[in-house]
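Have a look at the structure below, then the notes.
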Amino acid sequence: MSQMRYRILLVEDDIVDRQAFELMVRRENLYYRYKLATSLSQAREILESQDFDLVVTDYLLGDGTGFEVMKLLEKTPVIFTTGAGDEETAVKAMKSGACDYLIKDIQKKYLHVLPVVISNAIKNKTASERLERTHRQNKQILEAIPVILIGIGSNYRVSHWNKAAEKAFGISQESVKGRPFLDCPIQWDWNKIAGFFSDYSRQNQTLVLENIHYRTTDNRMGSLTIRLSPFSDNSKSVSGFLLLAEDISNQKILQNQVKEAQKMRSIGQLAAGIVDEINIPAQKMSKDAGRVDKLIEKISSLCSENGHVRNGEFSRFKRKQASFEQAFEPRKNLRRISRYCALIKAAIKSLTGNIEHFRKVVQSMKELAHSREHREELVDINKAINSTVRLCRSYWKQWCDVVTDFDSELPKIPGIPGDIHQIILNLLLNAADAIADKNEGGRKGLIRIRTLKHDSEIQIQVCDNGSGISEPISARIFEPFFSTKKPGNNFGQGLAICESLVDKIGGMITLESKTGLGSTFTVHLRAKNASFDSNKNRKTKVTRRITRGDS
């Protein structure tokens, strides 16, 4: 492997020193490609046309000094040589940017160490350039990161502020660098951010803060997910923090759109159910009304005949020697009238029942319409379940029966009615689908919906005897867009929305499942003025408890 040749410029006005340098290069067989300059002006001329890895310059030159040579150079390392007793000048040269200095002696012994000094200086320059290049690349990488990146020193002052942060907050790096982070003019919830740092000081680990609202440069409201991570120096002590903030505004919009699509799907299913719940009773009512009309016509006809008998027709029949049956026809007509009246009573009872069914459907529709108002109020869980079960009856009635078991003393809970209806509807449809998958073409399954109050919480249990959920699937059952159904049959959002809505109102959802035997989803909600343990991490609010079918 060939040794690298160093490009060196020697600026020396003393001919003896120049010759001694050339002799040393030849004797030591050094791989130097060197140029000699005898004055400042000659050095200037050479440096204008050529680049060097290193410059060795004497202090005193015929037309200037070594300090003036140094001014001609930017990044090229310089070794300063001075006469004996001139150490003060050498120190001054080091402070001015020289990488090293040598004291010239009469015996020229300084030339023995010059190759080592040159080699070290060039190696240091190479390492410095590599470090600078790495630093520049790292800076470019940090600037190219599309998420907000803010470096914070151990003194809580801003050390880095990337382009994404400038774009998101409309604040330049120059205006905040070195400034206390908590004094930066970012328009977001500073109470939560300050609490974030407070939590970090207690936990000393990476923390995540979700759904932080901030105001964008175009005066819109956006949402951020923030992660605060410590970084350490060589002594493993925390030397600062890295704050990463991802703008999830578009993601939130997309999630809301998907949720609305899921809701529209649910509303479509409810609408189909409402059509059946109204159309079938309407047909029955029309049929009953027709029967009543015909029966009334018959009764009217019979009453007309009886009237003729009372007006002398009976004696006329007798004079004409009417048969015994003809003589007592009015009595038969009375029995017919009695039977027709019984039929009319049954038809009216059927009409009344269908009208009551209409009333309940309309009432459920009104409750559903009211639940779409995004306003928090006290919600009657039992009533919400009844309305939802009634309106989506056409969806589940071909696959299963639904049985409810309500706690009559169940208190109302604070929440948005539409969210409660959506939770119940999604769990009910999920249970019906599980039964349909298992019992396709077979006997009906059963869904049991139960409410109860346990200590300070309210539970809604939705049990089915469907296909159950295997352990691998159960680990992903609440993931957005995850579905075991055929493409096009489901958005994969039903249970994910349930999890989100339950978490939104401060509850949790648990799952017990036996493969092949069925599943039970239990929604745990806080009763009025009650709360869950606030010290629990949000991630633990949704748990899945799986029981294998062969256990």
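Can you name the residue in the stretch 200-221 that is surrounded by 15 or more Cβ atoms within 10 Å (Cβ to Cβ) and under 16 Å from L243 (Cβ atoms) and, of all such residues, is modelled with the lowest pLDDT? Here the residue is Y200.
To keep it simple, each residue is scored yes or no on (1) in contact with a helix residue (DSSP H, G or I) (Cβ under 7 Å, 6 or more places away or on another chain); (2) surrounded by fewer than 16 Cβ atoms within 10 Å (Cβ to Cβ); (3) within 20 Å of V11 (Cα to Cα); (4) of a type outside the set (D, E, K, R).
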| residue | (1), (2), (3), (4) |
| --- | --- |
| E129 | no, yes, no, no |
| I141 | no, yes, no, yes |
| N162 | yes, no, no, yes |
| K177 | no, yes, no, no |
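Being closer than 30 Å to Q19 by Cβ, of a type in the set (S, T, Y) and either at pLDDT below 90 or more than 33 Å from the chain's Cα centre (by Cα) (or both) is the requirement here; does S128 meet it? No; evaluated as a whole, the condition is false for this residue. A Cβ distance below 8 Å, combined with a sequence gap of six or more or placement on separate chains, defines the contacts here; from the stretch 99-118, residues that are not assigned by TED's automatic domain parsing to the domain that holds D58 reach no residue that is acidic (D, E) and surrounded by fewer than 20 Cβ atoms within 10 Å (Cβ to Cβ).
Looking at this structure, is L182 at pLDDT below 90, assigned by TED's automatic domain parsing to the domain that holds L102, part of a helix (DSSP H, G or I) and not polar (S, T, N, Q)? Judged against the criteria, L182 is not a match. Of the residues V117, V147, the single one that is in contact with a Leu (Cβ under 8 Å, 6 or more places away or on another chain), closer than 30 Å to M24 by Cβ and surrounded by 13 or more Cβ atoms within 10 Å (Cβ to Cβ) is V117. Is it the case that some residue within the stretch 482-500 is modelled with pLDDT under 75, charged (D, E, K, R) and either buried (at least 17 other Cβ atoms within 10 Å of the Cβ) or in a loop (DSSP other than H, G, I, E, B) (or both)? Looking for residues that are modelled with pLDDT under 75, charged (D, E, K, R) and either buried (at least 17 other Cβ atoms within 10 Å of the Cβ) or in a loop (DSSP other than H, G, I, E, B) (or both), one finds at least one in the stretch 482-500, hence yes. Filtered by the rule that a residue be touching a Phe, Trp or Tyr at 6+ places or on another chain (Cβ under 8 Å) and of a type outside the set (D, E, K, R), the stretch 155-171 gives Y156, V158, A168, F169, I171.
Any residue that is free of Cβ contacts under 8 Å to residues at least 12 places away in the same chain, surrounded by fewer than 10 Cβ atoms within 10 Å (Cβ to Cβ), acidic (D, E) and not assigned by TED's automatic domain parsing to the domain that holds S223 - is there at least one of those in the stretch 82-93? Yes, that holds for at least one residue.
Note on the stretch 362-398: among residues that are under 27 Å from E457 (Cβ atoms) and in a loop (DSSP other than H, G, I, E, B), the one that is modelled with the highest pLDDT is D380.
Consider the stretch 212-221 and keep the residues that are in contact (Cβ under 8 Å) with a residue 40 or more places away in the chain and in contact with a strand residue (DSSP E or B) (Cβ under 9 Å, 6 or more places away or on another chain). The one that is farthest from S154 (Cα to Cα) is T216. Among the residues of the stretch 513-523, the ones that are farther than 15 Å from R450 by Cα and touching a strand residue (DSSP E or B) at 6+ places or on another chain (Cβ under 6 Å) come to 2 in all.
Which of (1) part of a helix (DSSP H, G or I); (2) out of contact with any Lys or Arg (no Cβ under 8 Å at 6 or more places or on another chain) is the odd one out, the single condition D419 does not satisfy? Here D419 clears every test but (2). Filtered by the rule that a residue be in contact with a Gly (Cβ under 6 Å, 6 or more places away or on another chain) and surrounded by fewer than 17 Cβ atoms within 10 Å (Cβ to Cβ), the stretch 26-48 gives a lone residue, S39. Here F181 does not fit the description of being under 16 Å from L242 (Cα atoms), within 23 Å of the chain's Cα centre (by Cα), surrounded by 15 or more Cβ atoms within 10 Å (Cβ to Cβ) and in contact (Cβ under 8 Å) with a residue 24 or more places away in the chain. Modelled with pLDDT of 85 or more, assigned to a loop (DSSP other than H, G, I, E, B) and acidic (D, E) - does that describe any residue in the stretch 399-406? Within the stretch 399-406, none of the residues are modelled with pLDDT of 85 or more, assigned to a loop (DSSP other than H, G, I, E, B) and acidic (D, E). Only one entry in D550, D533, D455, D464 is modelled with pLDDT under 65 and farther than 30 Å from Q251 by Cα, namely D550.
Here is a yes/no grid of residues against (1) assigned by TED's automatic domain parsing to the domain that holds K109; (2) closer than 15 Å to A121 by Cα; (3) touching a Phe, Trp or Tyr at 6+ places or on another chain (Cβ under 7 Å); (4) not small (G, A, S):
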position	(1), (2), (3), (4)
F21	yes, no, no, yes
L40	yes, no, no, yes
G64	yes, no, no, no
P77	yes, yes, no, yes
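Residues in the stretch 422-445 that are in a loop (DSSP other than H, G, I, E, B) and among the polar types (S, T, N, Q): N439 only.
Quick test for you: out of L410, L425, L391, pick the one residue that is touching a Cys at 6+ places or on another chain (Cβ under 7 Å) and assigned by TED's automatic domain parsing to the domain that holds Q461. Of the residues listed, the single one that is touching a Cys at 6+ places or on another chain (Cβ under 7 Å) and assigned by TED's automatic domain parsing to the domain that holds Q461 is L425. Using the structure shown, decide if A121 is assigned to a helix (DSSP H, G or I) and under 20 Å from D14 (Cα atoms). Taking the combined requirement at face value, the residue does not satisfy it.
The values are calculated or read from the model by the stated rules, or taken from the named source; none is laboratory data. Every value quoted in this text rests on a predicted model; they were computed, and no experiment measured them. When we count neighbours, we look across all protein chains shown, and the Cβ atoms used for this are built from the backbone with ideal geometry, even at glycine.
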